[in-house]
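A.B. asks: Please see the structure below; I have some questions.
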Amino acid sequence: MNDQSEHPAAPVVRTPGGAVGPAARGRGLLRTVALDLFTLERNPLPRLSRPRWLAWLPHIAVAYVAVFFTFLTTEQMGDRYHVTGGYPLVAGLATGASILLAMFRPVAAWWLALLAAGLVATHIHDHVGVGQSWPWPPSGMVAFAVVLLLAALRVPPRVTVIIVAVPVVLTGLAELALQPKHGESFILGVLLLFSFVGVLGYALRATRLARTRLVEQETLTEEERAQRTLLEERSRIARELHDVVAHHMSVISIQAQVAPHLVENPSEELKENLAGIRENALEALTELRRVLGVLRSEHPDDPANPHHPQPTLAELDGLVDNVRGAGLTVTTEIAGIRRPLAPGVELTAYRIVQEALSNCLRHAPGSRVEVGIAYGPQELHLCIANTAPTRPVPPSQGAGHGLLGMRERAGMLGGELAAGPRPGGGYEVSAVLPMDPATKKG
């Protein structure tokens, strides 16, 4: 659904002094009004978005109203005003067609409704009795109000003002110049009804546009929040990996420095090569700290601070004890031969278990949690599963993108992570991490 587009303003003609002349402003206004009123632009009536089976309900209702006013206009012209021949049927069909057309082309429908009203007024003029209205019969006035409402729902406010003002002005001029002898004036009723319909259509249009913009803004905000959370998690991963890489580079530098003293009578070439290795290691370490130092300076109290060593699976028992102290029943099971892993794998596995247990605390209070770790020949398998919560779940605070961070960590090593509800209730997070990320990625 698209509202009628705003037409571009007419070219501005300025006087030698730079001001816009009255004639230019007048021509621009007339051009804008002409573009607004003399258009056949398609502007369909919006469908209901939910539930799906009600999507076409407004169109069905408008079609029913069109058929109703077709018969009502025909009947009133024939029985109330005693117009004979085929004119009542033609006027009734034109009235109903204008309502149907208003679902798709509101401005064109307004012109057709105005033509139908003129046709009705012309043929009932000589048949108006005492107490009867002219130029609008009761059915015609309400039918035109329906067209006005359907148009005001979709056209810009300036067009709404025009399509409401024109029939009111024409009604007043017709009553002043051509009012039948026995006819009663309905100009006040026409003014009140058409003005109310125009204001109602404008208000509903403004509400719909505001709701649409709000939904769009909420969608953008959610996307930005997810992106920001992803970037924050990647920054955290980068800071943690900085410690891992820095440790290894420091070891390389120390080994290169000590190696010449472990060999009896080392050659100058060996000393030179080892000195080059140490120099390159120190240079790489300095560059690494320079690049990632910005991340640390923004989060001086982050656990990834160089003064805090990165956790490993050897510290899993302490993590589980803390969660138990918070009120969860946690059991752990380790399969396979427990052995040290690459620092990146150790850190990633620990963080995945930590985040999964944190989610259990937040979203499944009182549940039973099972933590399984299996050491395979080439892969490390993790599984954290919880039962349904036994206590009310408190409102969640924050963006809630912990799973996104876990997937980032697993994908960084070439691993996989899956999460979802369990068939019997509860939730499960499982991950597979390669023992040797370099081999996995290669």
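The values are calculated or read from the model by the stated rules, or taken from the named source; none is laboratory data. Quantities reported herein were computed from a predicted structural model and do not represent experimental measurements. Glycine also receives a Cβ, built like all others from the backbone with ideal geometry; neighbour counts cover every protein chain displayed. Quick note on the areas: whole protein, heavy atoms, side chains included, nothing else; ligands and nucleic acids left out. Shrake-Rupley method; radii C 1.70, N 1.55, O 1.52, S 1.80 Å.
A.B. asks: Sort out which residues of the range 76-98 are open to solvent by less than 50 Å² (accessible area, probe 1.4 Å) and over 47 Å from the mean Cα position of the chain (by Cα), and write them in order of number. Walk me through how you get there before you give the answer.
C.D. replies: Of the range 76-98, the ones open to solvent by less than 50 Å² (accessible area, probe 1.4 Å) are 76-78, 81, 83, 86, 88, 91-92, 94-98.
Matches in the range 76-98: Q76, M77, G78, Y81, V83, G86, P88.
A.B. asks: If you take the residues in the range 33-69 that are hydroxyl-bearing (S, T, Y) and either in contact with an Asp or Glu (Cβ under 8 Å, 6 or more places away or on another chain) or modelled with pLDDT of 75 or more (or both), which one is surrounded by the most Cβ atoms within 10 Å (Cβ to Cβ)?
C.D. replies: Taking the range 33-69 as the starting set, the residues that turn out to be hydroxyl-bearing (S, T, Y) are 39, 49, 64.
Filter again for either in contact with an Asp or Glu (Cβ under 8 Å, 6 or more places away or on another chain) or modelled with pLDDT of 75 or more (or both), leaving 39, 64.
Working: T39: 18, Y64: 11.
The extreme case among them is T39.
A.B. asks: E264 - would you say it is loosely packed, with under 11 Cβ neighbours inside 10 Å, modelled with pLDDT of 65 or more and either on the phi > 0 side of the Ramachandran plot or not hydroxyl-bearing (S, T, Y) (or both)? Before the answer, list the steps.
C.D. replies: Working: loosely packed, with under 11 Cβ neighbours inside 10 Å: yes; modelled with pLDDT of 65 or more: yes; either on the phi > 0 side of the Ramachandran plot or not hydroxyl-bearing (S, T, Y) (or both): yes.
Taking the combined requirement at face value, the residue satisfies it.
A.B. asks: Quick check on the range 332-346: of everything there that is at pLDDT below 85 and in a helix (DSSP H, G or I), which residue is farthest from V429 (Cα to Cα)?
C.D. replies: P343
A.B. asks: Can you pull out the residues in the range 175-197 that are open to solvent by less than 40 Å² (accessible area, probe 1.4 Å) and either in a loop (DSSP other than H, G, I, E, B) or more than 14 Å from P137 (Cα to Cα) (or both)?
C.D. replies: Restricting attention to the range 175-197, the residues satisfying the condition of being open to solvent by less than 40 Å² (accessible area, probe 1.4 Å) are 175, 180, 183, 189-190, 194, 197.
P180, G183, F194, V197 - these are the residues of the range 175-197 that are open to solvent by less than 40 Å² (accessible area, probe 1.4 Å) and either in a loop (DSSP other than H, G, I, E, B) or more than 14 Å from P137 (Cα to Cα) (or both).
A.B. asks: Residue by residue through the range 76-99, note down the ones that are in contact with a Ser or Thr (Cβ under 8 Å, 6 or more places away or on another chain) and not aliphatic (A, V, I, L, M).
C.D. replies: Q76, G78, P88, G92, T95, G96
A.B. asks: Considering each residue of the range 323-369, count those that are under 23 Å from E408 (Cα atoms) and open to solvent by 10 Å² or more (accessible area, probe 1.4 Å), and give that number. Break it down stepwise before answering.
C.D. replies: Just the residues of the range 323-369 that are under 23 Å from E408 (Cα atoms), to begin with: 340-363.
Add one more test, that the residue is open to solvent by 10 Å² or more (accessible area, probe 1.4 Å), and what stays is 340-344, 346, 350-351, 354-355, 358-359, 361-363.
Residues meeting the conditions: 15.
A.B. asks: Further question on the same structure: Given the options E428, E416, name the one that is over 17 Å from C360 (Cβ atoms) and modelled with pLDDT of 90 or more.
C.D. replies: Values: E428 fails: over 17 Å from C360 (Cβ atoms).
Sole residue among the options that is over 17 Å from C360 (Cβ atoms) and modelled with pLDDT of 90 or more: E416.
A.B. asks: Now for a different question. Looking at R296, R278 in this structure, which one is of a type outside the set (D, E), open to solvent by 40 Å² or more (accessible area, probe 1.4 Å) and either at negative phi or modelled with pLDDT of 65 or more (or both)?
C.D. replies: R278
A.B. asks: I've got another one for you. Scan the range 146-162 for residues that are part of a helix (DSSP H, G or I) and either surrounded by fewer than 21 Cβ atoms within 10 Å (Cβ to Cβ) or in contact (Cβ under 8 Å) with a residue 60 or more places away in the chain (or both) and jot them down. Give the steps one after another, and end with the answer.
C.D. replies: Of all residues in the range 146-162, those part of a helix (DSSP H, G or I) come to 146-152, 157-162.
V146, L149, L150, P157, R158, V159, V161, I162 - these are the residues of the range 146-162 that are part of a helix (DSSP H, G or I) and either surrounded by fewer than 21 Cβ atoms within 10 Å (Cβ to Cβ) or in contact (Cβ under 8 Å) with a residue 60 or more places away in the chain (or both).
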